[in-house]
1. So what's the back-of-envelope 222 nm ellipticity for the chain, counting only DSSP H runs of four-plus at -39500 (n - 2.57) apiece and dividing by all residues, rounded to 500?
2. Could you point to the label whose value was computed as P(r) over Cα pairs in 20 Å bins from 0, in percent for the structure here, given [x] 19, 37, 18, 11, 9, 5, 1; [y] 26, 57, 16, 1; [z] 22, 46, 24, 7, 0?
3. With the cut-off at 1.5 for a/c, could you classify the stretch 55-98 from its C-alpha gyration tensor as rounded, prolate or oblate?
4. With springs only between Cα atoms under 10 Å, which of G98, G139, G265 fluctuates most in a Gaussian network model of the chain?
5. Quick one: what are the phi-derived ³J(HN,Hα) couplings along the stretch 106-119, Karplus 6.51/-1.76/1.60 with θ = phi - 60°, whole Hz, x for glycine and proline?
6. In whole Å, what are the extents of the stretch 189-422 along the principal axes defined by its C-alpha atoms, from largest to smallest?
7. With springs only between Cα atoms under 10 Å apart, run a GNM on the chain and tell me which of A70, A140, A366 wobbles the most.
8. What angle do you read, to the nearest 10 degrees and between 0 and 90, between the alpha-carbon axis of helix 377-397 and the longest principal axis of the chain?
Amino acid sequence: MVSRTMEAQDGLELAPDWHQWVTAWTSGSNEAERDQAIQWYRELVATTGTPQSRLRLAIVQGESGRRDEAVTAAQAWKDEGEPFPLYARFIEAAYGDGPLSKENEMALQAELAEALPAGWFYNHLASALAVRAGDASLGAMVTRQIQERGERLQQRAQVLTAVELLSLILGSVLLLGIVRLKGQRTDVLRLHQPGVPPPWPGGIGSAVLLRGGALGAVVTLVFLSFAPAENASLRALAIPVANLPLLAMAYAYLLKPAGLNFRNGFGLQIERAQAGRLAGIVLAVVAAGLWGEWVMGRLAESLHLTNHWTEWFDPDLVWASGSVLTISLLEYVVFAPIFEELAFRGLLYAILRRRLTPLPAAMISAGIFALAHGYGLIGFLSVFWSGLLWAWIYERTGSLLPSMIAHATNNLLVCLSVMALLR
């Protein structure tokens, strides 16, 4: 993960200035990426202490302008068992102040080829050794390899960045239009009636939510106990299985007594003439989400806060076969948006609206939604912001379709970002 991230940064350094500025504006600075890589490797060293993790941490430090830290760490390795003395020679020769002859450099290069696999760490340590020894031919060859790997990743990232920027620009224009119409036409976003608050009693709704959620947790535990862990198809069904008891009880005790079904109870069916309005609303919500992510990203960077890699990394998106990857995307982009919106906006937010005004109801439902994901501070705030937006758009439109589509778009962009960088 760190190797691919750093290679993408290498490719970015070759891009035009305007492209570097856009990427830094949307994704953060190169310095922040390197600081995050150092933090992750420090965690790995503290957890495992393996020789490779300590060597890689020193390389990241050396390539991030922290050569003194890398050399100081390497000096302490000399009294440890193999391969630490060899690793110490690598780091001191590449980032230290002592002289390095071409003969010693060639010997170290041969040992380095055995010690590290091809990739960012190998290329940059080999390049640093070549530069210190004045080995121009080898340095040029390694530089070409670094540039080629970086350009490959940048080509993937450019497509995704262009899609996000286009969505941000178009959605922002629509969002400004919606804000300008605020107070003039309260029905401009309305897609369905009755919307929220719902016609069913709040007490019964709360009971359904609590009992249905508890029953769903029990059913999920039983299902996962019997479903083979290696069967991705069955594992993907965990989300629908977890929500079926809740939705069945909602239909029996809330929708049916009110003369409603899922389509007209949650606005899941709209007229064909409203398709254009639906698309515009979704774009506006996606843009608002991207702006919120941008603001949080810049604040987090200024406060040196990061969301942990375990919150967004999924091995199936990186290493799985095509069939398993398809199932994972189905889980993230279809099942999660549909069932989470039905549960957290269609039921939880709607029930809260029986007693509360929109803002506190949206904040409470978004808070529970964020807590359910189990992320750290940055991840919590990101999910909370999304939950607020999706509750707001459900309030204004009376339909869960915009929040479902916006939720699916958000998850798809995250999945594509992981795949573009790591797959």
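1. Values: 20 runs with 303 residues, N = 423.
That comes out to -23500 deg cm²/dmol.
2. [z]
3. Working: a/c = 2.03, a/b = 1.64, b/c = 1.24.
Judged from the Cα gyration tensor, the stretch 55-98 comes out prolate (a/c at least 1.5, a/b above b/c).
4. Of the options given, G98 has the highest mean-square fluctuation.
5. These are the phi-based 3J(HN,Hα) values: 5, 5, 5, 4, 5, 6, 5, 4, 7, 7, 10, x, 4, x Hz.
6. Sorted from largest, the Cα extents of the stretch 189-422 read 49, 44, 36 Å.
7. A140
8. 30 degrees
Just so you know, all these numbers are worked out from the coordinates, no wet-lab data involved. Please read all numbers here as calculations on a predicted model, not as lab measurements. Please note: Cβ atoms are built from the backbone with ideal geometry, for glycine as well, and neighbour counts cover all protein chains shown.
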